[in-house]
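The structure under discussion appears below in the form of structure tokens.
Since every read-out is calculated from the coordinates, none of them should be taken as a lab result. Remember, it's a predicted structure, so these values are computed and weren't measured experimentally. Note: ideal-geometry Cβ built from the backbone for every residue, glycine included; neighbour counts use all protein chains shown.
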Amino acid sequence: MLAARKRTQLDKKVISNEQFVAWLKLHKPLCNINHTGSSGCMEQQAALNMFSRSVETFGLRYRTSVSDGDSNTIKAIHHKSNPYVGQNVEKRECINHVGKRLGTALRNVVDTAKK
């Protein structure tokens, strides 16, 4: 996240190339990159890692996954690894994301009705 912010500052010429290189030299030894791939897959991979090691590490099974509405994460849990044989993880919607989607849908209805 921090590296992306610095890269944006460089792109927008908020910092110079020399400043970015100096920052990167200090930052790189401290950076613990734990995901490779697209940002869209990051949530799925984190959930799969968390769910697949929960029994062995903590002796527990997650029963629900609170989601932002993107069904790809729960699909990955159910189909790619299914860490709990015989038990499906239930998907719950985050109320803030539900409210946001509902508000967007209502604004779209109003905009369509005005036309």
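General observations
- Here GLU56 and HIS79 are evaluated by their C-beta separation; at R0 = 25 Å the FRET efficiency comes out at 0.75.
- DSSP H segments from the chain that extend 24 Å or more along their own axis, Cα-based, with Kyte-Doolittle mean of -1.0 or above: 39-58, 95-114
- Distance between the pseudo-spin-label points of CYS94 and LYS28 (7 Å out from Cα toward the beta carbon): 3.4 nm.
- Computed label-point distance, nm, for sites ALA113 and GLN19 using a 7 Å Cα→Cβ extension: 4.9 nm
- Convex hull volume per residue for region 1-62, taking Cα atoms only, in Å³: 107 Å³
- Here the chain is treated as a sphere whose radius is the Kirkwood value from Cα pairs; by Stokes-Einstein at 10 °C and 1.306 mPa s it diffuses with a coefficient of 89 µm²/s.
- A simple spin-label model places pseudo-atoms 7 Å from Cα toward Cβ; at ASN72 and CYS41 they are separated by 1.0 nm.
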